[in-house]
Amino acid sequence: MKILETTWKNWFDIKTRGKWIILFFAILVILLGLGATAVPTNPAEAKAIYDQLQNEPYTVTAIFGNNFFYCMIVFIPVIGPIFAGLIVFHTGILIANIASATGVNSFRLFTTTLMFPHAWLELFAYSFAMSQSIILTKIFLRSIRRSSYRKYFQHELVRTCITITVIALLLILAAIIEVVLIALVS
């Protein structure tokens with residue numbers, strides 16, 4: 001039980017969680033870049049997608065709601081991190097379509113996107129959710145094999161609630177920044 005006490009005191013074990021977050025963050029940036037630069041676009045389809053995006057409501061509530069909904073799916077053990085990769089890759093394809101429709105180089109638009117703080121906050125939030133999903137899966141599997149880990153799994157559920165709160169705050173901040181930037185550009 002000493003493991004439980006030590007771990008509970010340091011709820012964010014930087015060695016374990018930090019490594020997962022950094023790894024997932026790097027993977028997500030790579031997937032975003034691949035989606036933005038490696039997938040060919042159809043100019044007519046890109047224009048239709050761009051026109052549809054022009055009609056979307058860019059409010060804090062809409063942006064936050066969309067990102068938070070997808071981020072909650074990322075917490076699902078095993079499939080959540082895979083889903084996150086697909087979401088980010090698809091966002092990269094969206095960047096490629098916007099670049100095609102506006103006549104901008106897709107790599108340039110991808111790198112420009114990474115210059116904005118809302119992109120970093122969103123990628124960090126997804127990485128944080130992915131790391132928690134992996135840790136939840138690991139602890140759940142251990143708790144099935146050893147009853148001594150059941151209490152640890154309960155503690156991990158509390159950590160998950162704290163993580164969700166932190167992610168919600170990050171995504172609200174990201175949505176506010178994004179809406180302000182869109183308003184400045186429009």
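The values are calculated or read from the model by the stated rules, or taken from the named source; none is laboratory data. No experiment lies behind these values; they were computed from the predicted model shown. Don't worry about glycine lacking a Cβ; one is built from the backbone with ideal geometry, like all the others, and counts go over all protein chains shown.
Okay, residues lined up against (1) within 10 Å of the chain's Cα centre (by Cα); (2) under 19 Å from residue 45 (Cβ atoms); (3) at pLDDT 95 or above:
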site	(1), (2), (3)
70	yes, no, yes
77	no, no, no
80	no, no, no
88	yes, no, yes
93	no, yes, yes
104	no, yes, no
110	no, yes, yes
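Filtering 123, 136 for residues that are surrounded by 16 or more Cβ atoms within 10 Å (Cβ to Cβ), in contact with a Ser or Thr (Cβ under 7 Å, 6 or more places away or on another chain), under 17 Å from residue 82 (Cβ atoms) and not charged (D, E, K, R) leaves a single hit, 136. Evaluation of residue 150 against the conditions (1) surrounded by 16 or more Cβ atoms within 10 Å (Cβ to Cβ); (2) in contact with a Ser or Thr (Cβ under 7 Å, 6 or more places away or on another chain); (3) at pLDDT below 90 shows that the sole unmet condition is (1). Evaluating residue 50 against the criteria (1) surrounded by fewer than 12 Cβ atoms within 10 Å (Cβ to Cβ); (2) under 27 Å from residue 125 (Cβ atoms); (3) modelled with pLDDT of 80 or more leaves one unmet condition, (1). Given the condition surrounded by fewer than 18 Cβ atoms within 10 Å (Cβ to Cβ), in contact (Cβ under 8 Å) with a residue 24 or more places away in the chain and more than 27 Å from residue 50 (Cα to Cα), answer yes or no: does some residue in segment 170-177 qualify? Looking for residues that are surrounded by fewer than 18 Cβ atoms within 10 Å (Cβ to Cβ), in contact (Cβ under 8 Å) with a residue 24 or more places away in the chain and more than 27 Å from residue 50 (Cα to Cα), one finds none in segment 170-177, hence no.
Please go through segment 152-166 and pick out each residue that is among the aromatic types (Phe, Trp, Tyr) and touching a residue at least 60 places away in the same chain (Cβ under 8 Å). Lay out the reasoning, then the answer.
Within segment 152-166, the subset among the aromatic types (Phe, Trp, Tyr) is 152-153.
If the condition is that a residue be among the aromatic types (Phe, Trp, Tyr) and touching a residue at least 60 places away in the same chain (Cβ under 8 Å), then 152 is the only one that fits.
If you filter segment 116-175 down to residues that are polar (S, T, N, Q) and more than 22 Å from residue 64 (Cβ to Cβ), you find that the one that is nearest to the chain's Cα centre (by Cα) is 137.
So which residues in segment 36-57 are part of a loop (DSSP other than H, G, I, E, B) and aliphatic (A, V, I, L, M)? If you could, list the steps in order and put the result at the bottom.
Taking segment 36-57 as the starting set, the residues that turn out to be part of a loop (DSSP other than H, G, I, E, B) are 38-42, 55-57.
Residues satisfying the conditions are 38, 39.
Apart from one condition, residue 99 fits all of (1) within 15 Å of residue 28 (Cα to Cα); (2) touching a Leu at 6+ places or on another chain (Cβ under 7 Å); the exception is (1).
Each residue in segment 53-82 was checked for being farther than 19 Å from residue 121 by Cβ and of a type in the set (A, V, I, L, M, F, W, C), and 5 pass. Just one of the listed residues (76, 82) is closer than 20 Å to residue 29 by Cβ and surrounded by fewer than 19 Cβ atoms within 10 Å (Cβ to Cβ), and it is 82. Residue count for segment 91-108 under the criterion of being touching a residue at least 60 places away in the same chain (Cβ under 8 Å), buried (at least 19 other Cβ atoms within 10 Å of the Cβ) and not small (Gly, Ala, Ser): the result is 1.
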